[in-house]
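Here is the structure we will look at.
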Amino acid sequence: MNFLPKVIFTHVKDNQTKIGHICQTVYEAINKKKRILILVQNEEAAKYIDSLLWRFPEESFLPHSYANKPTKENIVVTTINSQNLNQAAILLNLSPSTTPIFNHFEEIHELYDETSPPKVENSKLKIKSYQSLALNIIEK
């Protein structure tokens, strides 16, 4: 399917806020009965997110899988940015670049990372990239 997704940038000023937002975004997707794909930069980041989703929220955990090939899982962590591996409606993009398959998702969630000047600049570049595609951008 091809969509013009809404892109939601959430401002985060510290790592604890990042962790909270990641878990909240995944939890909300599952509550909406939507599949979510979590795109990360590398294996190290994938392992971190994997362990995070098994530990948080504290009262439960978010069952998920790590995949680099198509799957039917509801929550998938991947380093592959060229495929919507689980036919997700929602992308949580934790990688430093935008995805070339943006139109495969209804929503794209991004962090507007304010933890360092280079990360702020990268967030601004991502916004410009999405604006050049005429996508609806929401900042929180």
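Only the coordinates and a few stated rules stand behind these numbers; no lab work does. Remember, it's a predicted structure, so these values are computed and weren't measured experimentally. Glycine gets a Cβ as well: all are built from the backbone with ideal geometry, and neighbour counts include every protein chain shown.
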*Per-residue HN-Hα couplings for the range 36-50, Karplus 6.51 cos²θ - 1.76 cosθ + 1.60 at θ = phi - 60°, whole Hz, x for Gly and Pro?*
10, 10, 10, 9, 10, 6, 7, 4, 4, 5, 4, 5, 5, 5, 4
*Counting Lys +1, Arg +1, Asp -1, Glu -1, what net charge surrounds Asn93 among other residues with beta carbon under 9 Å of its beta carbon?*
0
*Which of rounded, prolate, oblate describes the range 64-140, given a ≥ b ≥ c as roots of the alpha-carbon gyration tensor eigenvalues and a/c under 1.5 marking rounded, otherwise prolate only if a/b is larger than b/c?*
prolate
_On a 30 Å Cα-Cα criterion, which of the cross-link pairs Lys6/Lys72; Lys72/Lys119; Lys72/Lys128; Lys33/Lys119; Lys34/Lys69 come out too long?_
Lys72/Lys119; Lys72/Lys128; Lys33/Lys119
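For the chain, calculate the relative contact order in percent as a whole number, restricting contacts to Cα pairs under 8 Å that are 6 or more residues apart. Intermediate results must be reported in sequence, preceding the final value.
Numbers: 263 pairs, mean separation 52.2, N = 140.
Computed value for the chain: 37 percent relative contact order.
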_I'm spelling it out carefully: the read-out is P(r) over Cα pairs in 5 Å bins from 0, in percent, the candidates are [x] 2, 10, 17, 22, 20, 14, 7, 5, 3, 0; [y] 2, 10, 21, 25, 22, 14, 5, 1, 0; [z] 2, 9, 16, 17, 16, 12, 8, 6, 5, 4, 2, 2, 1, 1, 0, 0, and one was derived from this structure. Which label?_
[y]
*Return Ile36, Ile138, Ile22, Ile8 ranked ascending by Cβ neighbour count within 10 Å, so the fewest neighbours appear first.*
Ile138, Ile8, Ile22, Ile36
*Report, ordered by chain and residue number, the aspartates and glutamates lying within cross-link reach of Lys32, taken as a straight Cα distance under 17 Å and ignoring same-chain residues fewer than 8 apart.*
Glu73, Glu106, Glu107
